[in-house]
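Participant: The structure's right below; bear with me while I get my questions together.
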Amino acid sequence: MKKTIITGAIFAGLAVLLGAFGAHALKEILGSYASTWETGVQYQMFHAVGILIIGLLMEKQTSRLYTWAVILFSVGIVFFSGSLYVLSISKVAVLGAITPIGGVCFVVGWFLLIMGVSRRSTRFY
């Protein structure tokens, strides 16, 4: 629970730093790949917030489904966002082949979160 919230916060903080870094320090280097970098940052932030939400859910009830969703979101951030960052800087197009692996991790993670919430009677009040 605590580790999950810390993980989400780290990923979110890194997304802010990487977004600013891309917009300012890497502006000239990224060129036409700036939107690719931004996509990586956006998806990292979306899934960091997802991890934070799961951490809050885990405070009420633990579930292996939640744990696996966090793992898949984290792996997805590394593969999806990470590959977009490297692609943006290196401009090596073949790196784009790694990105869908992260996307699949994201989708499966969201599915597991849905299953976890559906199987539990979690109350938010």
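Participant: Which whole-number value in Å² is the accessible area per residue of the chain, probe 1.4 Å?
Facilitator: Details: 7290 Å² over 125 residues.
For the chain, the solvent-accessible area averages 58 Å² per residue.
Participant: Further question on the same structure: How large, in percent, is the carbon and sulfur part of the accessible surface of segment 1-118 at a probe radius of 1.4 Å?
Facilitator: Values: 4790 of 6390 Å².
Result for segment 1-118: 75 percent of the exposed heavy-atom area is carbon or sulfur.
Participant: Just from the alpha-carbon atoms, what are the Rg and Dmax of segment 1-118 in angstroms?
Facilitator: In order Rg, Dmax, the Cα atoms of segment 1-118 give 14.9, 47 Å.
Participant: What is segment 1-118's relative contact order, in percent, from Cα pairs under 8 angstrom and six or more apart in sequence?
Facilitator: RCO, segment 1-118: 29 percent.
Participant: Filter the chain for me: DSSP H helices, axial length by Cα at least 20 angstrom, mean Kyte-Doolittle hydropathy not below -0.5. List them by residue number.
Facilitator: 2-23, 34-60, 99-119
Participant: Here's a follow-up. Considering the chain as a Gaussian network with a 10 Å cut-off on Cα pairs, which listed residue, Val41, Val92, Val49, attains the greatest mean-square fluctuation?
Facilitator: Answer for the Gaussian network model of the chain: Val92.
Participant: Also, I was wondering about something else. Need one number: nm distance between label points at Glu28 and Met115, each 7 Å from Cα along Cα→Cβ, rounded to one decimal.
Facilitator: It is 5.0 nm.
Participant: Then there is this: Setting aside same-chain residues fewer than 8 positions from Lys2, which lysines have a Cα under 21 Å from its Cα?
Facilitator: Lys60
Participant: Here's a follow-up. Can you tell me which lysines have their Cα less than 27 Å from the Cα of Lys91? Leave out same-chain residues fewer than eight positions away.
Facilitator: Correct list for Lys91: Lys27.
The values are calculated or read from the model by the stated rules, or taken from the named source; none is laboratory data. Note that the structure is a prediction, hence the values are computed from the model and not measured. Virtual Cβ from ideal backbone geometry, glycine too; neighbours counted across all protein chains shown. Just the protein is used for accessible areas: all its heavy atoms, side chains included, with ligands, DNA and RNA removed. Shrake-Rupley method; radii C 1.70, N 1.55, O 1.52, S 1.80 Å.
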